[in-house]
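Taking it in order: structure first as structure tokens, then the write-up.
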Amino acid sequence: MPSPSRWQIIRATRLIDGTGAPPVADPTVAIRDGRIHRVAAGAPPTGLWPPDAPVLNLQGHTLLPGLIDAHVHLVLPGDGTPFETTVREPDGVLTLLAAANARRSLCAGITSLRDCGGMRESTLDLRRTQRLGYVLAPRLHLCGRPITITGGHCWYFGGEADGPEGMRAMVRRLLKSGVDYIKIMASGGGTVGTMPWRPSYTAEELRAAVLEAHRFGRRVGVHSLCAEATRHVLAAGADHIEHAHFLVDPSGRQEFEPDVADAIARAGTPVTTTLSVGHYVIRALEPLEDRSPEDQAVLDRWRRMLADNMDQARRLRSAGVRLIAGTDAGWRYTPFDGLVTEMELLAEAGATAQEAIAAATSLAATAMGIESETGALREGLAADIIAVPGDPLANLDVLRRPSMVMFQGTYVDRGPEAPVPAIR
């Protein structure tokens, strides 16, 4: 990726800074060496940057922070290919798939990705190629392989560990490989043969991993699809919960437990919602005219699960739980440019448009521990900026059509169908 110009100026009709603050009218953003130097409202001040600095005028547009998808799986295709089929591919193929998925996200205005589990070192290899300048990708926040019990959810990725000592050893192994955070599977999931309605690890095992990660300054995110697993996660002191569902049996039936929601809220632990998974499964299967009995059963199950998940998101929000936007991109039919769908689903669950934007910007950055780098349009942060036509507070759908994407102060070349805007 080319180096940013020393000075760049962007003007627009409004600015939403990602923190929930009121929009700024007629903003000017000055960028110096890839970072936000100044955000001003009204007539641009004089004397604060060179008069010949290049200016991009985007009248009729809204400026926002680059979006953050807080839950993706870069090595999965998101096209309905069974998980067990994809993981048979060589690691090199999966790394190239990850690169394609990462670029698709960036072109959609998603400038940071939190990957929640990949095959062995594949995502770390992707970041290495990014740093060498060989691939165009967003900021990557990586856990490497997720930790799971022997034969547990995503065991194919190579992170099996059992018992407190085994958990500590796996955490150390992952830290050696250069991960940014630790991901643990506290219940079963969509992996064949696992039990999402039951805890996988004991609270003692989880606590051992969390303490070891915290000892070395790393946060811990934990996948949980049942209430008992979530109780274990809270008892262990983990930093982030993925999904927070309430499954009770193999049929996919869920029973919301208000005391668990209250405990999550009291702990201040953020929850990544991943509502998009059910939405995209339903959208893929509903148009099929000759559905097999198996496809019909899957469709019926996901219709029920999405309704339950939406209801639970509403109730978690009402309990005061901090909800973070994450799609689970790559899993089943979930695409890598679908974050706006997740934001719209959050709005259906009761969030305001400002809250949905914050869930995909500043709140996500804070949950990940990268708020000093990105997540808001604030002086000193990286110039991760998107521009969209119209007002996303009136209609979140406009976020699907960014006219400009800037990552770390450089305009992203998204190809001939989305040229970099003219700069004077």
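The values are calculated or read from the model by the stated rules, or taken from the named source; none is laboratory data. Because the structure is a prediction, the values reported are computed rather than measured. Every residue, glycine as well, gets a Cβ built from its backbone with ideal geometry; the counts of neighbours run over all protein chains shown. SASA here: full protein model, heavy atoms, side chains in, ligands and nucleic acids out. Shrake-Rupley method; radii C 1.70, N 1.55, O 1.52, S 1.80 Å.
Brief remarks on what is shown
- Alpha-carbon spread of the chain, three principal axes, descending order, Å: 64, 46, 44
- For W7, distant residues with modelled amide H under 5 Å away: D33
- Nearest-0.05 FRET efficiency for E84 and R172, computed from C-beta distance (R0 35 Å): 0.75
- Distant-in-sequence amide H partners of L58 (H built 1.01 Å from N, under 5 Å): R11, A12
- Take region 56-132 with all the other protein chains still there, run a 1.4 Å probe, and you get 34 Å² of accessible area per residue.
- Gyration tensor verdict on region 141-210 (Cα atoms; rounded if a/c is under 1.5, prolate if a/b is larger than b/c, oblate otherwise): oblate
- Accessible-area composition of the chain, carbon plus sulfur, in percent [1.4 Å probe]: 51
- Lys/Arg +1, Asp/Glu -1 at C-beta; region 313-383 dipole; positive extreme among G350, G330, S362: G350
- Only helices enter this figure: runs of n ≥ 4 DSSP H residues, each worth -39500 (n - 2.57), summed and divided by the residues of the chain, yield -10000 deg cm²/dmol at 222 nm to the nearest 500.
- Its alpha carbons considered, region 212-283 gives a radius of gyration followed by a Dmax of 13.4, 44 Å.
- Where Rh is the Kirkwood radius over Cα pairs, Rg/Rh for region 92-185: 1.01
- Amide H contacts of R139 (H built 1.01 Å from N, in plane; Pro and chain starts excluded): S112, L113 sit under 5 Å, all sequence-distant by 5 or more or on other chains.
- Cα point-scatterer Debye curve for region 214-368, base-10 log of I(q)/I(0) at q = 0.11, 0.17, 0.19 Å⁻¹: -0.43, -0.99, -1.21
- All C-alpha to C-alpha distances of region 26-127, sorted into 10 Å bins beginning at zero, yield P(r) values of 12, 33, 20, 17, 13, 3 percent in whole numbers.
- Listed values for region 240-257 are Karplus-derived 3J(HN,Hα) couplings in whole Hz (6.51 cos²θ - 1.76 cosθ + 1.60, θ = phi - 60°), namely 7, 10, 9, 6, 6, 7, 9, 5, 10, 7, x, 6, x, 5, 10, 9, 5, 10, and x replaces Gly and Pro.
- Over region 296-344, the pair-distance histogram of Cα-Cα distances with 5 Å bins from zero comes to 5, 17, 19, 27, 21, 9, 2, 0 percent, rounded to whole numbers.
- The 3J(HN,Hα) values that the Karplus relation (6.51, -1.76, 1.60; θ = phi - 60°) gives for region 408-413 are, in residue order, 6, x, 10, 5, 7, 7 Hz. Gly and Pro appear as x.
- As a rough guide to protection, the peptides 359-371, 124-136, 259-271 ranked by mean Cβ packing within 10 Å, highest first, stand as 359-371, 259-271, 124-136.
- Sorting the segments 219-231, 291-303, 24-36, 95-107 by their residues' average number of neighbouring beta-carbon atoms within 10 angstrom, most packed first, yields 219-231, 95-107, 24-36, 291-303.
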